[in-house]
Amino acid sequence: MARNLTFSIFRYNPQDPTSTPHTDTFVLDETNHMTLFIALNRIREEQDPGLQFDFCCRAGICGACAMVVNGRPGLACHTKTKDLPDNITLMPLPFFTLVGDLSVDTGTWFRNMAQRVRSWVHTDKEFDPRALEERMDNALAEEIYELERCIECGCCVAACGTAIMRPDFLGAAGLNRLARFVLDPRDKRTEQDYFEIVGNDQGIFGCMGLLACEDVCPKHLPLQDQLGMLRWKMGWAGIMNLLPWKRT
Amino acid sequence: MQTFQTDLLCIGAGLAGERVAIEAATAGFDVTCLSLVPARRSHSSAAQGGMQAALGNCAMGEGDSPDVHFEDTVKGSDWGCDQEVARLFCDNAPIAMRQLAAWGVPWNRVVPGKSTYFKGGKLFEKEELQEKEGLITARAFGGTAKWRTCYTSDGTGHTVLYTMDNRAVQLGVVVHDKVEALSLIHDGENCLGAVVRCLKTGELRTYLARVTLIATGGFGRIYRESTNAVINDGGGLIIALDTGLVPLGNMEAVQFHPTGIVPTDILVTEGCRGDGGTLLDKNEHRFMPDYEPDKAELASRDVVSRWMTHHMRQGLGVSSPYGDHLWLDIRHLGCQHLATKLREVDEICKNFLGIDPAVDLIPVRPTQHYSMGGVRTDKDGLAYGLKGLFAAGEAACWDMHGFNRLGGNSLAETVVAGMIIGAKVVTYLQNHHVSFPTGLVRDTTAAQQDRIKRLISGKSGRENVFAVRNAMYDALMHGAGIFRNGKDLEACVQTLQEVHARSEKIGLRSNGRGANPELALALRLPGMVRLALCVAQGALQRTESRGSHAREDHPERNDRDWLVRTLATWQPGASLPSLTFEPASTVWSIPPGERGYGGGKIIPATPTA
């Protein structure tokens, strides 16, 4: 019953002049409830202490451990070996800068995205510590939370056809982030303001509709719905832009 | 080598670090945050439950006030907290929650009308008031007199951290991620910044700052089994301790949670037992009623954890490749209940264990969960021992938790402390100036460079970094886990001293180039063992049981001798921490008394007539 698993893992350390990109093979005996988190840690401790990979919360909440598992981007922490064949191939996420082996730099890209979509509530209101909080309908709060569940793992952009051809594409994560603020009544930006950010091929009109982003999203976010909603709204805002008397 | 200069250097970019950063940035100061991971991956994001603040908006929170919150917090701490700090916290928590609402947190809100809820497996009805519609609502948590815990579904930490980081981006707070601080730079009087290793390139950098803040979270990863993220290795505490000047407070106060799943120690909620789940041993015998006939599985967290450990020590645990465990049985609650009321548990079982809790038993064991101890600060967040050094959040011993932390108070502490301490940092920055002696900076950096060279060359020795770490795990779990006694603690301290000596003789097996993970652990491990020794030595000295610290040989809470906080410093070259003690609180708004749960004998502070 117990299997021997063969892991083929991409190796390359850009900081080591003697390193070249290649694949290393490791064999492990499978144990009950084994996940890739357990397997990779065992490989590092028992076979190759220099193996680079990222885990943080190891509970599917932080998004650190995204990698390409047998050809498909996903979170390694909740990938169980029992759902995989005997041969497991692990590659780093494409699109992001490689740090080494399975580790990539998602932080730089996502912070840049936050700056591009100006990812904060835009308001003139000053916070008054003596006043009651502004009221909000609970159903709306829950709707905002649904979009805010993105964990910035990067799977959606790593699986995106447009992102591969166009490195400045905001990707599903960026468009979803903007959709979250479009929904939020605390944010006083107008549709024209949003159009300035995403009304172009780097944003909403770059998407080719291949749907891979939603397929691989480990949080099952409705990414395509957001994209569709934004494209509709921005398309309308774009038309308004063309009408000289609507421009102000 | 790169050198950066800033007004405020926050080591750690989780909720506490970023909240302090925001306060300083708002006041116009330059701020740089350092983080082991991208800021939004910080362990703050993992908190699901919520944040306590006495808003009193929901029906079950009616009549709540900071006074009631204060009483819960002091009792929760087993009278180990600083009551002045607990008061500051409770008074400011409502403001902090409202401010988060203004910044964009999608808090769950009051929905007027009748609804039902469960308590002790029984169904009750409540009615929310029309006039409160749309205000921030709250849920129940253990040890609280009112429903006070503000939440966004089961993703409170996530939404608050994302909102906080959004605010930080808006204010131009710089975050350098994938870096690790190796040493503070100080002249014996002032803290002047830190020497830092880049975890993308392996290169060293120096950061010079007028104020340095330590906000690196808990140090749970010195234990083998911990619910903490893998980054929670106490890095900030280590660099503070290594100054030889800054004491760590109450390091022996470590909270364990009864139901971490095996093998990965992810937490499944107390709600499982609250809703009627039972604990079984290897014979599938329900053992808790044997020890606690009255409360059984619903005794307090520490009590259940203690009995589980005791039962496994009797040889009644289930053997597994990952060590012994017990079973949590929620099969009888039914699919419907699991899919709705325990949805998160259902998902954890399916996603991480590949089992269905409706038909399978869940493997669980008590797991390290929270560190009440940390860098000892005054009520302003200023660390003892060095000027210009502050600490906040779980990394700090501020100290509102004393010897046991209430659920919902830790996440709230990050933002409330951040708000209060941030204001103090601003005042400090407005009034204090320092100069940076280049020789000192060069020497501090050279010392770290030398450590790295020795590890790579193998000149220090040939010890295997993982073997030494495992030896630390074994010693701690055996001696300074849930149950403690003098004999085992003495052995633990002795073993850890040997492990400490070994940790100084590690040699790498890999080449150590670039972002090498073996080198990262080798650099950190001696400090982790020193933290372990602070825990064990503090626990050995403290001959009483208080909060989460349970001595089998001293089961009573001893207010006569131990109403004090332990302060641990580490002199350079020492093999043990030096311990001193200070009064637990400077004010006693609530004099020591019964907690109202947990039981146990109390030796009073002053003999009663």
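The values are calculated or read from the model by the stated rules, or taken from the named source; none is laboratory data. Worth saying up front: this structure is predicted, and the values here are computed from it rather than measured. Here Cβ is always computed from backbone atoms with ideal geometry, including for glycine, and neighbour counts include all displayed protein chains. Areas reflect the complete protein model, heavy atoms only, side chains present, ligands, DNA and RNA absent. Shrake-Rupley method; radii C 1.70, N 1.55, O 1.52, S 1.80 Å.
Quick notes on this one:
- Odd one out for A:D193, checked against (1) closer than 26 Å to A:C62 by Cβ; (2) in a helix (DSSP H, G or I); (3) touching a residue at least 60 places away in the same chain (Cβ under 8 Å): (1)
- The set of residues in the stretch B:496-519 that are within 25 Å of the chain's Cα centre (by Cα), open to solvent by 10 Å² or more (accessible area, probe 1.4 Å) and more than 7 Å from chain A (Cβ to nearest Cβ) comprises B:Q497, B:H500.
- In the stretch B:157-238, counting only strands (runs of 3 or more DSSP E) that sit wholly within it, none holds 3 or more residues that are out of contact with any strand residue (DSSP E or B) (no Cβ under 6 Å at 6 or more places or on another chain) and open to solvent by less than 20 Å² (accessible area, probe 1.4 Å).
- Restricting attention to the stretch B:353-369, the residues being of a type outside the set (D, E) and open to solvent by 30 Å² or more (accessible area, probe 1.4 Å) number 2.
- Hits in the stretch B:26-45 (condition: within 14 Å of chain A (Cβ to nearest Cβ), surrounded by 24 or more Cβ atoms within 10 Å (Cβ to Cβ) and not in a loop (DSSP other than H, G, I, E, B)): B:C33, B:L34, B:S35, B:A39, B:R40, B:R41, B:H43, B:S44, B:S45
- Of the residues B:I362, B:I348, the single one that is touching a helix residue (DSSP H, G or I) at 6+ places or on another chain (Cβ under 9 Å) and farther than 30 Å from B:G80 by Cβ is B:I362.
- Scanning the stretch A:1-17 for residues that are surrounded by fewer than 16 Cβ atoms within 10 Å (Cβ to Cβ) and among the charged types (D, E, K, R) turns up just one, A:R3.
- Condition met for A:E196 (farther than 27 Å from A:R135 by Cβ, of a type outside the set (S, T, Y) and either open to solvent by 20 Å² or more (accessible area, probe 1.4 Å) or at pLDDT 90 or above (or both)): yes
- Residue within the stretch B:477-498 that is more than 30 Å from B:W307 (Cβ to Cβ) and modelled with pLDDT of 95 or more present: yes
- Listed by first and then second residue, the pairs linking a residue in the stretch B:303-319 that is closer than 19 Å to B:I362 by Cα to a residue that is outside any strand (DSSP E or B) and among the basic types (K, R), with Cβ atoms under 8 Å apart and 6 or more places separating them unless they lie on different chains, are B:V304/B:R273; B:L316/B:K282; B:G317/B:K282; B:V318/B:K282; B:S319/B:K282.
- Selection count where residues are assigned to a strand (DSSP E or B) and either more than 12 Å from every other protein chain (Cβ to nearest Cβ) or out of contact with any Leu (no Cβ under 9 Å at 6 or more places or on another chain) (or both), scope the stretch B:94-145: 15
- Matching residues, the stretch B:370-387, being open to solvent by less than 10 Å² (accessible area, probe 1.4 Å), out of contact with any helix residue (DSSP H, G or I) (no Cβ under 7 Å at 6 or more places or on another chain) and over 20 Å from B:I222 (Cα atoms): B:T377, B:L386
- Count - residues of the stretch A:200-235 that are outside any helix (DSSP H, G or I), closer than 22 Å to A:Q115 by Cα, more than 16 Å from the chain's Cα centre (by Cα) and in contact (Cβ under 8 Å) with a residue 40 or more places away in the chain: 1
- Those residues of the stretch B:524-549 which are more than 18 Å from the chain's Cα centre (by Cα) and open to solvent by less than 10 Å² (accessible area, probe 1.4 Å), in sequence order: B:L525, B:P526, B:R542, B:E544
- Residues that are touching a helix residue (DSSP H, G or I) at 6+ places or on another chain (Cβ under 7 Å) and either under 21 Å from B:D154 (Cα atoms) or at pLDDT below 95 (or both), drawn from the stretch B:406-439: B:L406, B:N409, B:S410, B:L411, B:A412, B:E413, B:T414, B:V415, B:V416
- Single unsatisfied condition, B:T163 versus (1) farther than 30 Å from B:Y473 by Cβ; (2) free of Cβ contacts under 8 Å to residues at least 12 places away in the same chain; (3) touching a helix residue (DSSP H, G or I) at 6+ places or on another chain (Cβ under 7 Å): (2)
- Inside the stretch A:123-144, residues that are touching a residue at least 12 places away in the same chain (Cβ under 8 Å) and over 26 Å from A:C62 (Cα atoms) make up a count of 4.
- Residues that are open to solvent by less than 10 Å² (accessible area, probe 1.4 Å) and not in a helix (DSSP H, G or I) were ranked within the stretch B:58-77; the one that is farthest from B:S410 (Cα to Cα) is B:C58.
- Exclusive hit being more than 30 Å from B:G113 (Cβ to Cβ) and either touching a Phe, Trp or Tyr at 6+ places or on another chain (Cβ under 8 Å) or in contact (Cβ under 8 Å) with a residue 40 or more places away in the chain (or both), set B:G63, B:G80, B:G28, B:G49: B:G80
- So B:K132, is it over 22 Å from the mean Cα position of the chain (by Cα) and closer than 20 Å to B:A53 by Cβ: yes
- Filtering the stretch B:147-181 to residues that are in contact with a Cys (Cβ under 9 Å, 6 or more places away or on another chain) and on the phi > 0 side of the Ramachandran plot leaves only B:K178.
- Residues (farther than 16 Å from A:F181 by Cβ and in contact (Cβ under 8 Å) with a residue 12 or more places away in the chain) located in the stretch A:236-248: A:W236, A:G238, A:M240, A:N241
- Looking only at the stretch A:145-172, residues that are at the interface with chain B (Cβ under 7 Å from one of its Cβ atoms) and at pLDDT below 95 come to 3 in all.
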